[in-house]
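The values are calculated or read from the model by the stated rules, or taken from the named source; none is laboratory data. The shown structure was predicted, so the numbers you read here are calculated from the model rather than taken from an experiment. In this analysis, Cβ positions are derived from the backbone assuming ideal geometry, glycine residues included, and neighbour counts consider all displayed protein chains. In case anyone asks, the SASA skips ligands and DNA or RNA and just uses the protein heavy atoms, side chains included. Shrake-Rupley method; radii C 1.70, N 1.55, O 1.52, S 1.80 Å.
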There are 2 protein chains.
Amino acid sequence: MRTRQLSSAVLFAAVLASLVLQVGAAAHAGQVISPEVHPNLRVTFRLHAPRADRVEVSVQFAEDVQPMSKDNNGLWSITLGPAEPDIYVYSFIVDGLEITDPVNPIIKFWRTSKNLVEVPGEPPMFFQEQRVGHGVVHIHKYESRSLGVTRGLYVYTPPGYETSQNAQYPVLYLLHGMGDSEDTWTVVGRANVIADNLLAKNKARPLVIVMPYGHTPSAPPDSRSLDNYREFEKDLIEDVIPYVQERYRVSSDRKDRAIAGLSMGGGQALTVGLGNLELFGWVGAFSSAIPRGKKLDDLLAEPKLMNKKLDLLWVGCGRKDFLFDANKKFLETLKTKKVKHVAHITDGAHDWRIWRRYLNEFVPLLFKADK
Amino acid sequence: MRTRQLSSAVLFAAVLASLVLQVGAAAHAGQVISPEVHPNLRVTFRLHAPRADRVEVSVQFAEDVQPMSKDNNGLWSITLGPAEPDIYVYSFIVDGLEITDPVNPIIKFWRTSKNLVEVPGEPPMFFQEQRVGHGVVHIHKYESRSLGVTRGLYVYTPPGYETSQNAQYPVLYLLHGMGDSEDTWTVVGRANVIADNLLAKNKARPLVIVMPYGHTPSAPPDSRSLDNYREFEKDLIEDVIPYVQERYRVSSDRKDRAIAGLSMGGGQALTVGLGNLELFGWVGAFSSAIPRGKKLDDLLAEPKLMNKKLDLLWVGCGRKDFLFDANKKFLETLKTKKVKHVAHITDGAHDWRIWRRYLNEFVPLLFKADK
């Protein structure tokens, strides 16, 4: 949210960057290039701050914060890495104040703005925009009658959707985390790019992805409350799904409808998905806030019915995630109750690097003809 | 570009802000609220920077930069205005370094990031998101065969487009300025919101708005070159228009096709529009980089043919615009050559506050049955 995806401007900035390097011209104050990713996967960060006493960079692929050096023109810089191909969050710290990189338009907003830097792979990674067929991302505003407010909604349609006359597509409802918005799964999560790449390799069935807004009036993004599940469920079922079905060629069969989410959205996916087996055949929970107490007991009250109806219950979590213990306990409960599921325990923490991977692993499993 | 539009998260942040004020709680470091627009149209800016010696705000509705004051918790603040209802650019200056407001996700990127603050009107202004029918903004990536690259493309469809079976809609090709991208007209210019509001008041014909990317490989966004018109024209006519016509129910009649743009995009609109009268019936030039020399002579070579074919040539410019003299001279040339046109000289400079207004004034003139 909060920012656009890698756009043509950035691609051209990269081209320009390489030209500047080829002619050996030094970046000056007026045209600082930052970040610059080198072919050897090292990354140079630059900031023009002639009056600062100390400038550091905080980036996910380096330990702690790293002090930058100043040249005679007041340009601070540092080269770090090499980094594994991935998308990393970073920010500058200028005399103790955390700021964004002013010349990098790729911003991830979560309570505050930070920047993203993409380190590409060879062959290209699953999250990289490649020269394949591209789906379309649709930005909607709809009236939620159940909540009495106007809300945002993003919808991805796969390559060929507009020109094909295919009757029906399967649909994934994909939910964001606390503090995020309806655009976070595309802008930060690259859900559209990941889907494009999977489809180009024939690794998944062409699908529509619906990304609603997960906060509700009683649990706004700055609250710490997760108590919005009932409101969210009502909005999704009474407003979002009918709105989507009126406008897109999506199947209304539960075997063609999936729900998944991360963190708070994982808790919503479990609550709404397992609580409405007549609507959803496929449920994915990424690093989830697991429902607790009676709510959880109710969801898991009929294991036999769940096993009969549910095509997939997929639970992923990283070992360093602060929600790991809760997810482990949930997986043990599923085992005890003999609920069929896929446990996907991985490295990593509560972090978009994990969620992009989970989406890339989850989507190919969906909408198979047989369980 | 570079940022999302006012999203649900921001609306909730505003709700939260008012709650915080109601209970009299002071904003602390962890939950700074900035900017805060008061009912009296004054605006409070806040930044938590305990180690800074001097913090200022630069905002379009105040003269110069304004020094902010620090409280005991290191929270700097200032209240300015009242401001006329509008959307203003602002940034903070911390010990001489210009930075964005870290807690405001609404960012305008143009070479560097700055923030936007919306001061609402009563009744609501034409650029404010209101409770009316909302069109859809579609984010495309297409292969430009003429340029050999993948490019971004935004398309607005009006309320009702998806559910109506209307055969054909008129279409406006809307071009951005130098250094902008395909998303700038929606994210910064609010073209979709402006169209929604016009349509809700029945002030315009329902239309599709196509917003292509205006830079080309030989004139990337960081160049100062305007010499991309030929490449842009080729891409628009050979790639963009066919791509749009294949996917959207748009008329291919020149009387239903308009082209307009701002600054560099105004120069492109004049070049492509006046140079292809068989394709475009309506041309708008906002604060334009006017074509010069032989190029201009060629465009205006046949005034009688232009007057016969062209439904509208609309030229707008602000008196404080650095391009005002060039636009005045262009208008004089049109007069001398007896080319029918509308001259729209206004207050203001080279600035989005003007371009939003121009769009709001231009769209209602389009696609009338008779000249």
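Before moving on, here are some points about what is shown:
- Flag if B:Val117 is in contact with an Asp or Glu (Cβ under 9 Å, 6 or more places away or on another chain), more than 10 Å from chain A (Cβ to nearest Cβ) and more than 24 Å from B:Ile259 (Cβ to Cβ): yes
- Residue pairs whose Cβ atoms lie under 7 Å apart, separated by 6 or more positions or on different chains, with the first residue in region A:214-226 and open to solvent by 20 Å² or more (accessible area, probe 1.4 Å) and the second modelled with pLDDT of 75 or more and outside any strand (DSSP E or B), are A:Pro217/A:Leu147; A:Ser218/A:Asn228; A:Ser218/A:Glu231; A:Asp222/B:Gln31; A:Leu226/A:Met264; A:Leu226/A:Gly267; A:Leu226/A:Ala289.
- Close pairs from region B:242-261: first more than 11 Å from B:Asp311 (Cβ to Cβ), partner at pLDDT below 95 and among the charged types (D, E, K, R), Cβ under 7 Å, at least 6 apart: B:Arg247/A:Glu162
- Filtered residue count, region A:83-142, keeping only those that are acidic (Asp, Glu) and under 27 Å from B:Thr186 (Cα atoms): 3
- Taken over region B:111-140, the criterion of being more than 27 Å from B:Val244 (Cα to Cα) and assigned to a strand (DSSP E or B) is satisfied by B:Thr112, B:Ser113, B:Lys114, B:Asn115, B:Leu116, B:Val117, B:Glu118, B:Val119.
- Pairs are defined by a Cβ separation below 9 Å, a sequence spacing of at least 6 or placement on different chains, a first member in region A:51-72 that is without any contact (Cβ under 8 Å) to a residue 12 or more places away in the chain, and a second member that is surrounded by fewer than 18 Cβ atoms within 10 Å (Cβ to Cβ); the pairs so defined are A:Asp64/A:Ser58; A:Asp71/A:Ala26.
- In region A:74-98, the residues that are under 26 Å from the mean Cα position of the chain (by Cα) and within 11 Å of another protein chain (Cβ to nearest Cβ): A:Ser91, A:Phe92, A:Ile93, A:Glu98
Residues are listed down the side, and each one gets a yes or a no for (1) in contact with a strand residue (DSSP E or B) (Cβ under 6 Å, 6 or more places away or on another chain); (2) in contact (Cβ under 8 Å) with a residue 60 or more places away in the chain:
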| site | (1), (2) |
| --- | --- |
| A:Met125 | no, no |
| A:Val137 | yes, no |
| A:Ser146 | no, yes |
| A:Arg190 | no, yes |
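- Members of region B:50-65 found to be within 14 Å of another protein chain (Cβ to nearest Cβ) and among the hydrophobic types (A, V, I, L, M, F, W, C), listed by number: B:Ala52, B:Val55
- Those residues of region B:325-349 which are in contact with a Gly (Cβ under 7 Å, 6 or more places away or on another chain) and open to solvent by 30 Å² or more (accessible area, probe 1.4 Å), in sequence order: B:His344, B:Asp347, B:Ala349
So that you can scan it fast, the table gives a plain yes or no per residue for (1) surrounded by fewer than 24 Cβ atoms within 10 Å (Cβ to Cβ); (2) at the interface with chain A (Cβ under 9 Å from one of its Cβ atoms); (3) more than 18 Å from B:Val244 (Cβ to Cβ):
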{"position": "B:Pro159", "(1), (2), (3)": "yes, no, yes"}
{"position": "B:Thr163", "(1), (2), (3)": "yes, yes, yes"}
{"position": "B:Ala167", "(1), (2), (3)": "yes, no, no"}
{"position": "B:Gly179", "(1), (2), (3)": "yes, yes, yes"}
{"position": "B:Glu182", "(1), (2), (3)": "no, yes, no"}
{"position": "B:Asn197", "(1), (2), (3)": "yes, no, yes"}
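- The number of residues in region A:263-322 being under 15 Å from A:Leu174 (Cα atoms), part of a strand (DSSP E or B) and touching an Asp or Glu at 6+ places or on another chain (Cβ under 7 Å) comes to 1.
- Verdict on B:Asn202 being at positive phi and either open to solvent by 10 Å² or more (accessible area, probe 1.4 Å) or not basic (Lys, Arg) (or both): yes
- Filtering region B:25-73 to residues that are within 18 Å of A:Leu97 (Cα to Cα), open to solvent by 80 Å² or more (accessible area, probe 1.4 Å) and modelled with pLDDT of 95 or more leaves B:Arg51, B:Asp53, B:Arg54, B:Lys70, B:Asn72, B:Asn73.
This table checks each residue for (1) over 19 Å from the mean Cα position of the chain (by Cα); (2) open to solvent by 10 Å² or more (accessible area, probe 1.4 Å); (3) within 25 Å of A:Val136 (Cα to Cα); (4) within 14 Å of chain B (Cβ to nearest Cβ).
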position	(1), (2), (3), (4)
A:Trp185	no, no, yes, yes
A:Val188	no, no, yes, yes
A:Asn192	no, yes, yes, yes
A:Glu231	yes, yes, no, yes
A:Asp239	yes, no, yes, yes
A:Arg249	yes, yes, yes, yes
A:Asp253	yes, yes, yes, no
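- B:Pro120 touching a Lys or Arg at 6+ places or on another chain (Cβ under 8 Å) and modelled with pLDDT of 95 or more: no
- Tallying residues that are open to solvent by 40 Å² or more (accessible area, probe 1.4 Å) and under 28 Å from B:Val32 (Cβ atoms) within region A:109-148 yields 4.
- Just one residue in the set B:Gly318, B:Gly281, B:Gly273, B:Gly293 is at negative phi, of a type in the set (Gly, Ala, Ser) and out of contact with any helix residue (DSSP H, G or I) (no Cβ under 7 Å at 6 or more places or on another chain); that residue is B:Gly273.
- The listed residue being touching a Ser or Thr at 6+ places or on another chain (Cβ under 9 Å) and more than 30 Å from A:Ser164 (Cβ to Cβ), out of A:Leu334, A:Leu305, A:Leu274, A:Leu299: A:Leu299
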